1. Among (i) 1.00; (ii) 1.25; (iii) 1.04, find the value of Cα Rg over 2.2 N^0.38 Å that was calculated from the structure presented, and write down its label.
2. Rounded to the nearest 10 Å², what accessible area does Phe211 show when all protein chains are kept and the probe is 1.4 Å?
3. If I stretch the segment between Phe32 and Leu340 completely, what's the gain in nm (0.36 nm per residue apart, minus their alpha carbon distance), one decimal?
4. Pairs of Cα atoms under 8 Å, at least six residues apart: use those to get the relative contact order of the chain, whole percent.
5. Dipole of the chain (Lys/Arg Cβ +1, Asp/Glu Cβ -1, origin at the Cα centre): which of Tyr114, Pro221, Ala206 lies farthest to the positive side?
6. With unit charges on the beta carbon (Lys/Arg positive, Asp/Glu negative), name the residue among Phe86, Gln275, Val140 whose Cα is farthest towards the positive pole of the charge dipole of the chain.
7. When the dipole is taken about the Cα centre of the chain, and only Lys, Arg (+1) and Asp, Glu (-1) are charged at their Cβ, what size is it in debye, to the nearest 20?
8. State the percentage of accessible surface on the chain attributable to carbon and sulfur atoms; use a 1.4 Å probe and exclude ligands, DNA and RNA.
Amino acid sequence: MSAKKLISHPYFFWIILAIIHTCVLMALYFKFGFNTVNEGDKYLSRATYLAHGDFINSTQYQTFYISYVSYLAFFVFIKAPTLLIFMSTYLLSLFAYYKFHKLISSYINYETSYLWLVMMCVSPLIQYWQFNLFSETFFVAMSLLFAYVSLFDYIKYRALKISLLALVVILARPSGIFTVICVLLLKLYLEKRFTKKQILWLGSSALLLLFIGIMFFFQLPYHDFSKYISNGSIYYGFPSWSSPELAPGSYTLFNCYQFIVEHKDLKTLLSLFIQKLNSFFLTTRPYYSNFHNTINVSHHFLYPFALLAIYFSYKKQKAIYYFLITFSVIILLNALMVGLIFNEWSERHTLHVFPYIILLAAYSMTNIWKTFVKKQAF
């Protein structure tokens, strides 16, 4: 078979992608191996409680991740080897990638969808988490499937699937609520059930109520959140001070901010917010290895392309603009959540929205490439 015929073969792309993807996975495996400790061990222990019918201990410290704990509990219940959990989650990821690729092809074009799929499958930052029992890979897969089921045409039993997947996504990680709200609002707008102004009003109202609830009424776990938020601890910049320390107790986010303002000042609070917000987009850390930081920083080139996507779509394709702006809002809401709450310690939170950052970047790249090709033709 000639090289020209080989390249034009319908399976050529998938074979080459599978080879490169496998090479990336093998390199990551030999470098890091499987990781079942830390957060993964906590999830497994809670899943074991749940598999044995202990519902109280199964939700302790893992209330916001109960769908992932339930997922793991199934494997614990059937006494499956841990390797089967990794393989199952990996196959779930591939299935989700393929479905979201079809969604992109439907809404934008096949060039963007294939480029997105390639970057997802070869990205070490994303594929590294396939070898961890953390909830990240599961959450990303379910979020992509939720977007596909909600927005793709001709889905059977759509209402039931949306309801089930929305529940899974929200209970897989707290940030899932952003994905569910934004995607459903886009769906309502595309179906012309609400006008653009009504959608903006609904979205703003829902997010404002969510913000008020989290800020003033939600009780934070002391040892996981309020203790560290109140002493300015952000692992990106390391703790700013060791005293005074908030006494053990039950606190809201507002109480933690109030403590900082009382013992420091408002300027310090704003500075911490900016540092944490910044840590969302900076995936490198001083305590990572040089190899880890090199891999992570290589993904930063996607950011300017992602920003250009909003400009290109607004100027050229308004229908695509609303599709892309939805995922841009999800990215910004996740960044805001980290700035308001988390003592960010790694790229794990950014990972949740990297598929959307890659989507935006892929759209820009294909637009730039098509413009370049057209100029060359003349």
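The values are calculated or read from the model by the stated rules, or taken from the named source; none is laboratory data. Fair warning: this is a prediction, and the values are worked out from it, not measured in the lab. As a convention, Cβ positions derive from the backbone with ideal geometry for all residues, glycine included, and neighbour counts pool all protein chains shown. All accessible areas refer to the heavy atoms of the entire protein, side chains included, with ligands and DNA or RNA removed. Shrake-Rupley method; radii C 1.70, N 1.55, O 1.52, S 1.80 Å.
1. Checked against the structure: label (iii).
2. 90 Å²
3. Stretched out fully, the Phe32 to Leu340 stretch lengthens by 107.7 nm.
4. Relative contact order here is 16 percent.
5. Tyr114
6. After comparing all options, I get Val140.
7. Roughly 1540 debye for the chain.
8. The value for the chain is 69 percent carbon and sulfur by accessible area.
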